[in-house]
1. Give the residue that is farthest from the ligand (Cβ to nearest atom), with candidates limited to residues of the stretch 1-13 that are modelled with pLDDT under 85 and not polar (S, T, N, Q).
2. Which residue out of VAL22, VAL54 is in contact with a Leu (Cβ under 9 Å, 6 or more places away or on another chain) and either among the charged types (D, E, K, R) or modelled with pLDDT of 85 or more (or both)?
3. Quick one: count up the residues across the stretch 76-103 that are of a type in the set (S, T, N, Q) and either under 24 Å from LEU44 (Cβ atoms) or at pLDDT 80 or above (or both).
4. Here are the criteria: (1) farther than 30 Å from ILE24 by Cβ; (2) under 10 Å from the mean Cα position of the chain (by Cα). Tell me which single one PHE57 does not satisfy.
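The values are calculated or read from the model by the stated rules, or taken from the named source; none is laboratory data. Given the structure is predicted, the values throughout are model-derived calculations rather than measurements. Cβ placement follows ideal geometry from the backbone for every residue including glycine, while neighbour counts extend to all protein chains displayed.
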Amino acid sequence: MYCPHCGEQISAQAEICPKCGVRIKNGHAGNVGDDKPNIAVNLLSFCCIPILGVVLFFVWKDSKPIAAKSALIWSLVSLGIWIILSVVFGIFGAMFSDPSYYY
Ligand SMILES: [Zn+2]
């Protein structure tokens, strides 16, 4: 096949043209623009519904790998923050509830 950008002959398996660096997706070059991190989904996965990012990762991982990975990362970051927060508040809770044993 030939690179649609520079016309260089390249391997049919190539995802990126070695000459000009343009990304080629096995004849679906027009769809590449659709695959980008979805900010609305990332925000939802991050602040509201962490499981949404995980679900969308499996839904999108074939058709939109970049958006899928981005959603997964945000949901994992969100989960990590929630775990850290619950540990921190657990420690603080233990510290503040301790003195009540003495009264
Ligand atoms: Zn090229």
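1. The extreme case among them is ALA12.
2. On the way: VAL22 fails: in contact with a Leu (Cβ under 9 Å, 6 or more places away or on another chain).
Just a single option satisfies the conditions, and that option is VAL54.
3. Selection size over the stretch 76-103: 2.
4. Only one criterion in (1) farther than 30 Å from ILE24 by Cβ; (2) under 10 Å from the mean Cα position of the chain (by Cα) is unmet by PHE57, namely (1).
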